[in-house]
There are 2 protein chains.
Amino acid sequence: MAKITSVSPLAPAAFPELPVIDGVRFASVAAGVRYAGRTDVMLTLLDPGTTVAGVFTRSATRSANVLDCQSKIGGESDAGAAIIVNSGNSNAFTGKAGDGSVAAICAAVAKATGLPETRVFTSSTGVIGERLPHDRIIAKVDDLVAALAPGKGDEAARAIMTTDTFPKGACATVALPGGEVKIAGFAKGSGMIAPDMATMLVYIFTDAKVSRADLQTMVSEINDRSFNCITVDSDTSTSDTLLMGATGASGVEVTLADSDFAQALEGVFLDLAHQVVKDGEGATKFVTVNVTGAKTDADARTHALAIANSPLVKTAVAGEDPNWGRIVMAVGKSGAAADRDRLTIRFGDVLVAENGWVAPSYKEEDGAALMKQPEITISVDIGLGAGKATVWTCDLTHGYISINADYRS
Amino acid sequence: MAKITSVSPLAPAAFPELPVIDGVRFASVAAGVRYAGRTDVMLTLLDPGTTVAGVFTRSATRSANVLDCQSKIGGESDAGAAIIVNSGNSNAFTGKAGDGSVAAICAAVAKATGLPETRVFTSSTGVIGERLPHDRIIAKVDDLVAALAPGKGDEAARAIMTTDTFPKGACATVALPGGEVKIAGFAKGSGMIAPDMATMLVYIFTDAKVSRADLQTMVSEINDRSFNCITVDSDTSTSDTLLMGATGASGVEVTLADSDFAQALEGVFLDLAHQVVKDGEGATKFVTVNVTGAKTDADARTHALAIANSPLVKTAVAGEDPNWGRIVMAVGKSGAAADRDRLTIRFGDVLVAENGWVAPSYKEEDGAALMKQPEITISVDIGLGAGKATVWTCDLTHGYISINADYRS
């Protein structure tokens, strides 16, 4: 694996105190899938009555685990569910053998928990193209089941880390008319990294009572505004997976109409999504790209991603260079509608360019000072309509090259 | 400007001996647009009867010069033509003032040459967002006209360099039934670089007699297979321009039916296009990406560009890492049709992966040895159809980051 020498400078001060979610238990173990001296498998057991929703990578070369999860996620069941995740091996591009490993792990977990195999979800993250040593995982399933306990989410978050420089957790408590509900989740992912392909794995739980259909709608919609709006290097994992379970243990019913719950849930999604960006390889800056005034929201998103994925923009940010010319370039190349003379560009609250030229009020030292901040907002108004989008990214540094190039497989 | 400390390791041994093209004269001068102690303006004069064709950037924020060239390129005229190019300032994103600079330069060249302004083409490359000091260029126009001489293409090629580490030239001689014709051209471009936006400028001349319509068709079609198939960092200049002039001085008529001429011309286009990639910022490897077996040629191109633009693939090449997993990832994310289990991947002639898994015959040391070469071919067969495409790129190294980030504007 590539060596990570230190924790990201953008890492939060500490892992949050995740609340216990009634109906959810965690266990983690060191199975020796690839790493020595650390836990590398986590099991989450969800009580009967839990509804499960998920979203997955759109990659055409997605892993066996993802294909299996997608085939099961739509099912209605009161039997509860299990999620088992290993790090160290992504079981991606392992041909038919990969499908066999997933089936073997699901069978073992079903046997040990009494769940139907259709309610066992798996994720794998780590090296690709190597046969998953699933026997090592299966050998630990009984230990995992015996160790299940509430409030071990922090240990689970650590067990699924690959080259992450810090574990990622987020939570919220929501007071609703029917009572209080809790949300807690954790994630792994640090941009793409060899030989791991930066699988982003996210697991979020709540004790709210939500129908599967409503939960899936919430997860899909909020995912589009959070995890689908972050980019580290424009590359896409074959294994990205987000699973959410609603145990209903609080007895508090939640529907799509409950905006307070949706808002709190979006806060948790965004917190985790931003932590993934802040653990981007070699990242030293966290960048928010706001695009407004595009012809459509889709155009705004196209412009925002063109800016966020531009190596020239990302290296300029790394160099603390207020290089607005590269923003113009990125907008121009995006393919979405734009007019050079209608663009307005701001770094933070500093007006940089307008009317097709640098703003008369702009002072280079103002832009330069702004770019020295660890968190930077780039705002572009296209001046053509009402379409808007926000995406988040990090800078492109020598650290990224070191992690991804200064390595031999 | 970013400092270029040395010539690209991929540079050709020497600038070619460009043949004199009858009907074409060059001059270059030091006008002090931005750089000191070097030439920075070149003038090319094309004799009456010359047909001119061109292709330009598709950027929505293209420069004033490009917009002016596009408005003139379709015109039929026997008056001859002039091309004046400055380095040091791209006249891009300079608002209405940029249009004024172009008009002023065209008027001065028209006055000094007796050409109509509609036959004066301009290009500018260099810093963006700063008003072009066109008076400095206009002040040298008479000197340029007085200095016009055949066979000064090599000096012209040097005058238009910005951060290029070597001048780029190519030529061919074609024996046709009607007699021999010559082709000579030069280019500048080195991938994107701050504050220059890697404008790629290409000027190609022939003494063949070609109708404007046929010349434009040849240029457009060959451009799609050459300059439109190279990528350094996926970013797109606001000023990319290719102009070709056919003087007809040889008296040898050429039409679209003359495949020998078209083949020789494509060779010149490809030679120059490859030289631009080999001067890519920080490039240490020249990479050819061949995609076959896609559903359509368009799908093949989408896959090929996804591979060629993937930071993970490019850093793996920089690290001489035969990381075929990243090729799978890039194909998967491209959005074009693919099937994990039908992919075949080769590095050079080494079969790496097939049937959704690493090839049984593959030895890591074979792939590693292949990746140590300065020129690498990555071949992917999608296994779904007959669509194919080839693109060329370079690796992504610390040099790229140094050039683009370790710089303050």
Handout entry: Output for segment A:292-310, where each listed residue is open to solvent by 20 Å² or more (accessible area, probe 1.4 Å) and within 24 Å of B:Asn404 (Cα to Cα)
Key = A:Thr302, A:Leu305, A:Asn309
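Residues are listed down the side, and each one gets a yes or a no for (1) farther than 19 Å from B:Val317 by Cβ; (2) within 13 Å of chain A (Cβ to nearest Cβ); (3) in a helix (DSSP H, G or I); (4) not β-branched (Val, Ile, Thr):
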site: B:Leu351; (1), (2), (3), (4): no, no, no, yes
site: B:Thr390; (1), (2), (3), (4): no, no, no, no
site: B:Thr393; (1), (2), (3), (4): no, yes, no, no
site: B:Asn404; (1), (2), (3), (4): no, yes, yes, yes
Exercise for the section: Determine if segment A:58-72 includes at least one residue that is farther than 19 Å from A:Thr199 by Cβ, open to solvent by 10 Å² or more (accessible area, probe 1.4 Å) and within 14 Å of chain B (Cβ to nearest Cβ). Expected result: no
Problem - Yes/no for B:Phe93 being assigned by TED's automatic domain parsing to the domain that holds B:Ala246, buried (at least 24 other Cβ atoms within 10 Å of the Cβ) and in contact with a strand residue (DSSP E or B) (Cβ under 7 Å, 6 or more places away or on another chain) - result: yes
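Looking only at segment A:336-349, count how many residues are part of a strand (DSSP E or B) and within 27 Å of the chain's Cα centre (by Cα). Talk me through it step by step, then tell me what you get.
Restricting attention to segment A:336-349, the residues satisfying the condition of being part of a strand (DSSP E or B) are A:344-347.
Going one step further and asking which of them are within 27 Å of the chain's Cα centre (by Cα), we end up with A:347.
Total meeting the criteria: 1.
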Problem - Residues that are in a loop (DSSP other than H, G, I, E, B) and either open to solvent by less than 70 Å² (accessible area, probe 1.4 Å) or of a type in the set (Val, Ile, Thr) (or both), drawn from segment B:15-25 - result: B:Phe15, B:Pro16, B:Leu18, B:Pro19, B:Val20, B:Ile21, B:Gly23
Fill in the blank from the handout: Within segment B:322-335, residues within 28 Å of the chain's Cα centre (by Cα) and either facing another protein chain (nearest Cβ under 7 Å) or open to solvent by less than 10 Å² (accessible area, probe 1.4 Å) (or both) come out as B:Arg326, B:Ile327, B:Ala330, B:Val331, B:Lys333
Exercise for the section: May I ask you to list pairs of residues, at least six apart or on different chains, whose Cβ atoms are under 7 Å apart, with the first in segment A:83-100 being without any contact (Cβ under 8 Å) to a residue 24 or more places away in the chain and the second being in a loop (DSSP other than H, G, I, E, B) and surrounded by fewer than 18 Cβ atoms within 10 Å (Cβ to Cβ)? Expected result: A:Gly95/B:Asn355
Exercise for the section: Would you mind telling me which numbered condition in (1) touching a Phe, Trp or Tyr at 6+ places or on another chain (Cβ under 7 Å); (2) buried (at least 21 other Cβ atoms within 10 Å of the Cβ); (3) within 30 Å of B:Ala64 (Cα to Cα) A:Cys394 fails? Expected result: (3)
Exercise for the section: Could you tell me whether B:Val219 is in contact with a helix residue (DSSP H, G or I) (Cβ under 7 Å, 6 or more places away or on another chain) and open to solvent by less than 10 Å² (accessible area, probe 1.4 Å)? Expected result: no
Practice task
Could you please find all residues in segment B:1-51 being of a type in the set (Ser, Thr, Tyr) and not assigned by TED's automatic domain parsing to the domain that holds B:Asp135?
Solution key: B:Thr5, B:Ser6, B:Ser8
Exercise for the section: State whether the residues of segment B:222-229 include one that is within 14 Å of chain A (Cβ to nearest Cβ) and either open to solvent by less than 10 Å² (accessible area, probe 1.4 Å) or closer than 30 Å to B:Ala81 by Cβ (or both). Expected result: yes
Practice task
Considering only segment B:56-109, state which residues are modelled with pLDDT under 95, part of a strand (DSSP E or B) and either touching a Phe, Trp or Tyr at 6+ places or on another chain (Cβ under 6 Å) or within 23 Å of B:Thr247 (Cα to Cα) (or both).
Solution key: B:Phe56, B:Gly88
Handout entry: Single residue of segment A:165-190 satisfying the filter (open to solvent by less than 10 Å² (accessible area, probe 1.4 Å) and not in a strand (DSSP E or B)) that is nearest to A:Leu10 (Cα to Cα)
Key = A:Ser190
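So that you can scan it fast, the table gives a plain yes or no per residue for (1) part of a loop (DSSP other than H, G, I, E, B); (2) of a type in the set (Asp, Glu); (3) away from chain B (no Cβ under 14 Å); (4) within 21 Å of A:Ala389 (Cα to Cα):
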{"position": "A:Phe261", "(1), (2), (3), (4)": "no, no, yes, no"}
{"position": "A:Ala273", "(1), (2), (3), (4)": "no, no, yes, yes"}
{"position": "A:Val277", "(1), (2), (3), (4)": "no, no, yes, yes"}
{"position": "A:Ala308", "(1), (2), (3), (4)": "no, no, no, yes"}
Exercise for the section: Would you confirm whether any residue within segment B:56-64 is charged (D, E, K, R) and free of Cβ contacts under 8 Å to residues at least 60 places away in the same chain? Expected result: no
Handout entry: Residues of segment B:235-261 satisfying the condition of being farther than 15 Å from B:Gly54 by Cα and open to solvent by less than 50 Å² (accessible area, probe 1.4 Å)
Key = B:Asp235, B:Thr236, B:Ser237, B:Thr238, B:Gly248, B:Ser250, B:Val252, B:Val254, B:Asp258, B:Phe261
Handout entry: Restricting segment B:310-333 to residues that are in contact with an Asp or Glu (Cβ under 8 Å, 6 or more places away or on another chain) and not in a helix (DSSP H, G or I), the residue that is nearest to B:Pro9 (Cα to Cα)
Key = B:Gly319
Completion exercise
By residue number, the members of segment B:353-384 that are in contact (Cβ under 8 Å) with a residue 12 or more places away in the chain and either open to solvent by 40 Å² or more (accessible area, probe 1.4 Å) or of a type in the set (Phe, Trp, Tyr) (or both) are B:Asn355, B:Val358, B:Tyr362, B:Glu364, B:Asp366, B:Lys372, B:Gln373, B:Pro374, B:Glu375, B:Thr377, B:Asp381, B:Leu384
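Let's see how each residue does on (1) in the same structural domain as B:Thr390 (by TED's automatic domain parsing); (2) closer than 23 Å to B:Pro19 by Cβ; (3) in a strand (DSSP E or B):
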{"site": "B:Phe121", "(1), (2), (3)": "no, yes, yes"}
{"site": "B:Glu130", "(1), (2), (3)": "no, no, no"}
{"site": "B:Arg158", "(1), (2), (3)": "no, yes, no"}
{"site": "B:Ile204", "(1), (2), (3)": "no, yes, yes"}
{"site": "B:Asp214", "(1), (2), (3)": "no, yes, no"}
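The values are calculated or read from the model by the stated rules, or taken from the named source; none is laboratory data. Just so it is clear, the structure is predicted and the values come from calculations on it, not from any experiment. In this analysis, Cβ positions are derived from the backbone assuming ideal geometry, glycine residues included, and neighbour counts consider all displayed protein chains. All accessible areas refer to the heavy atoms of the entire protein, side chains included, with ligands and DNA or RNA removed. Shrake-Rupley method; radii C 1.70, N 1.55, O 1.52, S 1.80 Å.
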